Amino acid sequence: MVTVSEEQFLELLGRLAPGTPLREALDSIVELGNGGLILIADEEQAKQVVQSGFRIDAEFTPQRLVELAKMDRAVVIDPRLRKILYANAYLVPDPEIPSEETGTRHLTADKVAKQLGVPVIAISATRGRVTIYYGEIKYVLQDLSAISSRVNQALRILEHYRNAFDALLEELTVLELEGRVFPFHVANVIQSIVQMLETEDEIRRWFIELGREKELMELLLEWMMLGVRRTFELIVRDFQQNDRPVEEVIEEIRALPTEELLSSERIMQVLGYEGGEEALDVAIPSRGYRVLSEIPRLPMSVIERLVEELGNLQRILKASEEELMQVKGIAEVRARAIKAGLARLKRRLALER
């Protein structure tokens with residue numbers, strides 16, 4: 001049996017999204033109350049299971065597939081969805097391949113998909129249900145209204161997550177400026193970000209099935225996720241105590257099991273902190289990448305030099321304009337802009353609180 005990756009399966013779902021030729025054909029077959037069995041495979045793969053049938057070798061169109069599916073047996077389409085290779089094909093998979101399916105059509109689809117590692121689509125005439133078999137994967141194609149409902153519900157949840165994230169981030173900024181950040185403050189923001197990213201991944205997976213129906217919802221998703229990934233990167237740069245690449249640290253945090261993700265101590269371990277629970281009660285300095293990035297027209301290259309020269313945000317806050325001007329790339333005007341920008345940020349946060 002052939003293993004199929006998640007990426008391969010999602011790519012297939014994209015080819016079955018509303019507006020695609022194959023989805024148009026499937027919807028028409030269901031609307032007509034017909035069943036069907038569709039094998040997507042190349043010539044060599046098909047020969048392993050096709051024992052008889054009509055050789056067609058014609059251009060694939062939704063209309064042709066709908067008509068040919070009226071025959072009792074399978075239709076074989078090439079993987080690029082350009083040609084119909086066979087119609088009324090009798091598929092005979094390896095009888096040793098296990099399957100829990102009972103109906104003849106679905107049993108055949110399941111076994112052929114496992115044997116060849118290719119997509120096989122079974123359409124139930126009685127239930128009007130489209131089932132995809134792809135390697136070991138079995139997936140019932142969802143109704144668009146049901147998917148839309150799930151996406152809208154997930155977007156509402158994401159909105160709550162975003163509100164909580166914004167509040168936590170504002171609190172973190174205040175504490176960074178005051179030099180009173182503790183590990184759990186950092187961990188709380190990271191936990192919130194990971195929640196949002198996981199919800200986004202789930203929504204985007206549903207978007208694949210929605211096809212062109214996703215457009216307005218996708219705009220809303222992008223607005224709610226604005227700046228989240230960038231914030232994650234900057235927070236890691238601000239607080240990590242190891243030399244690992246930021247992307248590697250983020251990947252490890254996102255891969256943590258749920259129970260470990262909820263542990264401030266575990267998150268701080270990934271960031272390079274040691275000392276167990278006692279270390280959670282010790283304030284930690286911020287380097288200042290994220291806070292400084294809020295100052296308009298201050299390039300990241302200058303921020304990096306500032307942090308490299310002065311070490312952390314508290315030292316940058318205490319530095320005079322003359323001391324800031326000692327950093328390469330900072331002249332009098334920019335030094336004044338940095339001091340003014342940090343002062344404005346403090347005032348704004350004080351008013352909002």
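The values are calculated or read from the model by the stated rules, or taken from the named source; none is laboratory data. None of the values given here were measured: they were computed from a predicted structure. FYI the Cβ positions are ideal-geometry reconstructions off the backbone, even for glycines, and counts take in every protein chain you see.
Okay, residues lined up against (1) farther than 25 Å from V236 by Cα; (2) assigned to a loop (DSSP other than H, G, I, E, B); (3) of a type outside the set (F, W, Y); (4) in contact with a Pro (Cβ under 8 Å, 6 or more places away or on another chain):
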{"position": "V291", "(1), (2), (3), (4)": "no, no, yes, no"}
{"position": "I295", "(1), (2), (3), (4)": "no, yes, yes, no"}
{"position": "V302", "(1), (2), (3), (4)": "no, no, yes, no"}
{"position": "R305", "(1), (2), (3), (4)": "no, no, yes, no"}
{"position": "E308", "(1), (2), (3), (4)": "no, no, yes, no"}
{"position": "E323", "(1), (2), (3), (4)": "yes, no, yes, no"}
{"position": "A335", "(1), (2), (3), (4)": "yes, no, yes, no"}
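Which residues, taken from segment 242-262, are modelled with pLDDT of 95 or more and polar (S, T, N, Q)?
Of everything in segment 242-262, nothing turns out to be modelled with pLDDT of 95 or more and polar (S, T, N, Q).
So H106 ticks every box in (1) under 17 Å from L22 (Cβ atoms); (2) in a helix (DSSP H, G or I) but one. Which box is left unticked?
(1)
I need the full set of residues from segment 60-88 which are small (G, A, S) and outside any loop (DSSP other than H, G, I, E, B), in order please.
Within segment 60-88, A74, A87 qualify.
Say we look at segment 136-164 and pick out the residues that are touching a residue at least 60 places away in the same chain (Cβ under 8 Å), of a type outside the set (V, I, T) and within 20 Å of A17 (Cα to Cα); which of these is surrounded by the most Cβ atoms within 10 Å (Cβ to Cβ)?
L141
Would you mind stating whether L292 is over 30 Å from the mean Cα position of the chain (by Cα) and either in contact (Cβ under 8 Å) with a residue 40 or more places away in the chain or closer than 20 Å to L271 by Cβ (or both)?
no
Of the residues G19, G36, which single one is assigned by TED's automatic domain parsing to the domain that holds A89 and either of a type in the set (D, E) or under 18 Å from V140 (Cα atoms) (or both)?
From the options G19, G36, the qualifying one is G36.
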